[in-house]
Each structure stands twice: as structure tokens, then as C-alpha cells.
1. What does the net charge come to around VAL27 if you take all other residues with beta carbon closer than 12 Å to its beta carbon, with K and R at +1 and D and E at -1?
2. Taking the highest mean first, how do the peptides 67-80, 125-138 order by number of other beta carbon atoms within 10 angstrom per residue?
3. Could you work out the helix-only [θ] at 222 nm for the chain, with each DSSP H run of four or more residues adding -39,500 (n - 2.57) and the total divided by the number of residues, to the nearest 500 deg cm²/dmol?
4. In the chain, what percentage of the DSSP-assigned beta bridges are antiparallel, given to the nearest 5?
5. Please work out the average accessible area per residue across the stretch 33-98, using the 1.4 Å probe convention, and give it in Å².
6. Taking K and R as +1 and D and E as -1, what net charge do the other residues with C-beta under 12 Å from the C-beta of PRO49 add up to?
7. Using +1 on the beta carbon of Lys and Arg, -1 on that of Asp and Glu, and nothing else charged, what's the dipole of the chain about the Cα centre, debye to 20?
8. Share of the chain's accessible area from carbon and sulfur, percent, 1.4 Å?
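The values are calculated or read from the model by the stated rules, or taken from the named source; none is laboratory data. Because the structure is a prediction, the values reported are computed rather than measured. Cβ placement follows ideal geometry from the backbone for every residue including glycine, while neighbour counts extend to all protein chains displayed. To get the accessible areas, we keep the full protein, side chains included, count just its heavy atoms, and leave off ligands, DNA and RNA. Shrake-Rupley method; radii C 1.70, N 1.55, O 1.52, S 1.80 Å.
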Amino acid sequence: MPSDKGVLLLSLKPRFATMILEGIKTVELRRVAPTVQYGQYAYIYASAPVCQLVGICRVVDVKVASIAETWERYGQQCALTEEEYMSYFEGARRAVAIVIDSPAHLLEPPSLKTLRQRMAGFTPPQSFRYLNSSMLEELKLQTA
């Protein structure tokens, strides 16, 4: 069930999108916590140079904790070196861990051009955004 804001759309570097879809990466990190309900699905957008909506996963939990505590608990699941992790959270007070499972590829991953044709004004998010039900209808997505 979507949150009041809609369905979550996560923007990821292509290597992380691939690792999520392969089940290797089971925790996605953010500096700001999204508003999602546990069990809600999130769409995965692979940023440049791929620029496609590539898959979907289920949000199992969202944990906000100190940077050190989050690394200790989720470091092995986030597919980052400790140096990359610390660099990402430099200057932040807290870390957000989005625990995910049930990844699935989209049957026909739409390109950025196709997304913009189907949904006027579509812009990929820097981190995440929400898609409401009418946006999802316009996208006509199917999972594998």
C-alpha cells in the first residue's frame, strides 16, 4: 500500500541498481528518510549513463540511527567500502538505512526519454521522490 505521498522512486548509480536487482545489496542508504510504509514497493531508477527505470523492490524497514551504528549494523549489506560510506555521510548527523528485499527487473525498462513521453515533465530525482497512482498508470510498468 502506498504512503500518503505515493510510491517511492529511488535514484541509484547503475552499479548499485544492478546489485539490488541481483540481491547482493539489501540496504540502500540515504541522508534523509523517505516516508514509506513497511511492505510498500519502491521503484529503482538507474542514473547516468543508463538512465532507465530498471526494477522494483520491497521496503522491509527504514532505520534512522547514528552513522557509526548504521555502519556497524548494515555495513556488509550496503555494498560500499567503509571509506565510501563515511564520505557519503560526511557532515551528516544521522544515517538512514532502507532495508529492502524481493527485487525484480522490469520487463521493458523505460528509458528517460520514454518516461518523459509517458509522463509529461518527468525528472529523475537526485535521491528519491514519490509517484502517485495516476503517474504509475501513465508509466505502464510490468515486472519480470
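1. Details: positive: LYS25, ARG30, LYS63, ARG73; negative: GLU28, ASP61, ASP101.
For residues surrounding VAL27, the net value is +1.
2. 67-80, 125-138
3. Values: 5 runs with 37 residues, N = 144.
So the calculated ellipticity at 222 nm is -6500 deg cm²/dmol.
4. On the way: 26 of 31 bridges.
Taking every DSSP beta bridge within the chain, about 85 percent pair in antiparallel fashion.
5. On the way: 3490 Å² over 66 residues.
Per residue, the stretch 33-98 has 53 Å² of solvent-accessible surface.
6. Working: positive: LYS13, ARG15; negative: none.
Here the charged neighbours net out to +2.
7. Values: 16 positive and 14 negative charges, 84 e Å.
That gives the chain a dipole magnitude of about 400 debye.
8. On the way: 3920 of 7910 Å².
Accessible surface attributable to carbon and sulfur in the chain totals 50 percent.
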